1. Going by the conditions given, is residue 72 over 28 Å from residue 261 (Cβ atoms) and more than 16 Å from ligand 1 (Cβ to nearest atom)?
2. What residue, of 254, 270, is without any contact (Cβ under 8 Å) to a residue 60 or more places away in the chain, in contact with a strand residue (DSSP E or B) (Cβ under 8 Å, 6 or more places away or on another chain) and buried (at least 20 other Cβ atoms within 10 Å of the Cβ)?
3. How many residues, within the range 62-75, are out of contact with any strand residue (DSSP E or B) (no Cβ under 6 Å at 6 or more places or on another chain), more than 9 Å from ligand 2 (Cβ to nearest atom) and part of a loop (DSSP other than H, G, I, E, B)?
4. Report the residue count in the range 276-328 for those that are at positive phi and either surrounded by fewer than 21 Cβ atoms within 10 Å (Cβ to Cβ) or free of Cβ contacts under 8 Å to residues at least 12 places away in the same chain (or both).
5. When you scan the range 84-196 for helices (runs of 4 or more DSSP H) that lie fully inside it, which ones turn up with 3 or more residues that are within 13 Å of ligand 1 (Cβ to nearest atom) and in the same structural domain as residue 42 (by TED's automatic domain parsing)?
6. Could you say whether any residue in the range 20-40 is within 16 Å of ligand 1 (Cβ to nearest atom) and either in contact (Cβ under 8 Å) with a residue 40 or more places away in the chain or closer than 30 Å to residue 298 by Cβ (or both)?
7. Can you find a residue that is under 15 Å from residue 265 (Cβ atoms), buried (at least 20 other Cβ atoms within 10 Å of the Cβ) and away from ligand 2 (no atom under 16 Å from the Cβ) anywhere in the range 208-218?
8. From (1) closer than 25 Å to residue 4 by Cα; (2) assigned to a loop (DSSP other than H, G, I, E, B); (3) away from ligand 1 (no atom under 11 Å from the Cβ), pick out the condition that doesn't hold for residue 253.
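The values are calculated or read from the model by the stated rules, or taken from the named source; none is laboratory data. The model shown is predicted, which means the values in this text are computed figures rather than measured ones. Please note: Cβ atoms are built from the backbone with ideal geometry, for glycine as well, and neighbour counts cover all protein chains shown.
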Ligand code: SAM
Ligand code: SF4
C-alpha cells in the first residue's frame, strides 16, 4: 500500500467501501497475530512531568494537578496483582519524571523480573541513553514512546524541546531498538494542525521503523492545555478530525502495513466512544488491551485528557468486563508474555540465498547518495554477509524528502547512507532471523 492509497482510505467516507478496509484489516490481524487479545497491566507510576506538551493535562505548567509518585512497594504489589490476574506483561508509565531515578528503577525492574514471569514495558518519556541502557540491562523488555506526529514543524509546536536538548523521538526509537528493546511508537489522531498527508506519512513511518507495538488514539482536548479549543491553521477539509472512525482507519492501515505488530485498542478510543470504541478497534485490527492496575486513589490524578479517570476503578470488575467483551467477539485472552512473533523468513549464512535490494533512483534519492559507488558498497556488504545480491534500480517512492530510499526484501528504509549500510543490513537480517518468543 503506497501513500496515495493511504490517503484514499483516510479521506474515504463511503461506509460500504470502508467495510472493505475493516475486513482486510481484520483478516490480516487473524492471519498474522491470530484471535488472541493480549492483556497488559498498566501502572501509572507517577504524574510528575518536566515537559509541557501542548496536548497533555500532565504538563508541568498545569498547576491544577495534584502530583503523586508511587513507592517501590506500591508498584511491586501491582506487579503481583498482574500475575494473579493472569497478565503476561506489566507496563510502567509516567510523565517525564526525573524523580523516577535511573538506579532506583533498575533495582525495581530486577526485583520484578526475579519474582515474576512478567514481561516489562516502560513508557517514561525521553530519558537518557544511560538510563535506557541500564533499564534494558536490568531486564526491561519493551519501551513505548509515541512519536505523536511525523510532521516535524507540527511536532515542534506541540512538543516543545526541554532542558536545552532538541526532542527527536524518532531517533530515540531507533536507539531503543539498537539497545535490544521491543519498541512501540504511535500517534494521536486529530491534533489541531494534523493534515491527511502527515497522517499518511505517520503510517508509513510505522513500517519504516519496523515497530513492534503501535499505539493509536484520538486526540482529546484538555481544558488546562494550549490546545483546548485551538483553531487549526489548516483549511477545514485538510484537518484530520479526532474521531473514533478516523482512529479506526489508522489502526486498520497500521495493521495492513505492519501485520505482525501488537496494536492496542487504546483507552482514549474507549473514552471517546464509551462501550463501543474498544470493540470497534478490536474488530478493525487491534489485538491488545491495557487494563489499568494503578491503585484507584491515584487514577483521577493521571488525567492526561478529560474523562479518562471516570472508568471502572476496581481492577477485578474491569478485568471481568474486558474478558466478556473479548469472548463476545469470538476471541480469547492471550497467554504468556505476548511478545512480537516474527515470520521466519530468513536468508542467512547457513542458508545462502538471494537478497533483493531495490534502490530508488529518483532524481532526489540519486542526488542524496543513491549513486553508483553507493550501489557498489551495498553489493559488497551483501556478499560479505554470505548472500547473493540482486540489486535493481527503480522509480520512485514518492517520499522524496525522506530519501535516499532503499528497499531490502520487502522493507522500505528511508535516509539510507552507504556508509551505514553495513549496520542497516545487519539489523535487517537480525530481524528476519529472530526466533518467535512469548
Ligand atoms: N510521558 C510519557 C510520554 O510522553 O511518552 C508517557 C505518558 S504520556 C501521557 C502517553 C501518551 O498519552 C502520549 O504519548 C500521548 O500520545 C498521549 N496523550 C497525551 N495527551 C493526550 C490527549 N490530550 N489526548 C490523547 N492522547 C494524549
Ligand atoms: Fe509529560 Fe508525556 Fe504528558 Fe508530554 S505527554 S506532558 S511528556 S506526560
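1. On the way: over 28 Å from residue 261 (Cβ atoms): yes; more than 16 Å from ligand 1 (Cβ to nearest atom): yes.
When the stated conditions are applied, residue 72 passes them.
2. Details: 270 fails: in contact with a strand residue (DSSP E or B) (Cβ under 8 Å, 6 or more places away or on another chain).
The match here is 254.
3. Count: 7.
4. Selection size over the range 276-328: 1.
5. Working: elements: 102-115, 129-138, 152-158, 169-178.
Passing ranges, in order: 169-178.
6. Here is the first cut: in the range 20-40, the ones within 16 Å of ligand 1 (Cβ to nearest atom) are 40.
Adding the requirement that they be either in contact (Cβ under 8 Å) with a residue 40 or more places away in the chain or closer than 30 Å to residue 298 by Cβ (or both) leaves 40.
Within the range 20-40, one or more residues are within 16 Å of ligand 1 (Cβ to nearest atom) and either in contact (Cβ under 8 Å) with a residue 40 or more places away in the chain or closer than 30 Å to residue 298 by Cβ (or both).
7. Pass one, the range 208-218, residues under 15 Å from residue 265 (Cβ atoms): 213-218.
With the extra rule that they be buried (at least 20 other Cβ atoms within 10 Å of the Cβ), the set shrinks to 213-218.
Those still in the list that are away from ligand 2 (no atom under 16 Å from the Cβ) too: 213-214.
There is at least one residue in the range 208-218 that is under 15 Å from residue 265 (Cβ atoms), buried (at least 20 other Cβ atoms within 10 Å of the Cβ) and away from ligand 2 (no atom under 16 Å from the Cβ).
8. Checking residue 253 against (1) closer than 25 Å to residue 4 by Cα; (2) assigned to a loop (DSSP other than H, G, I, E, B); (3) away from ligand 1 (no atom under 11 Å from the Cβ), the one that fails is (2).
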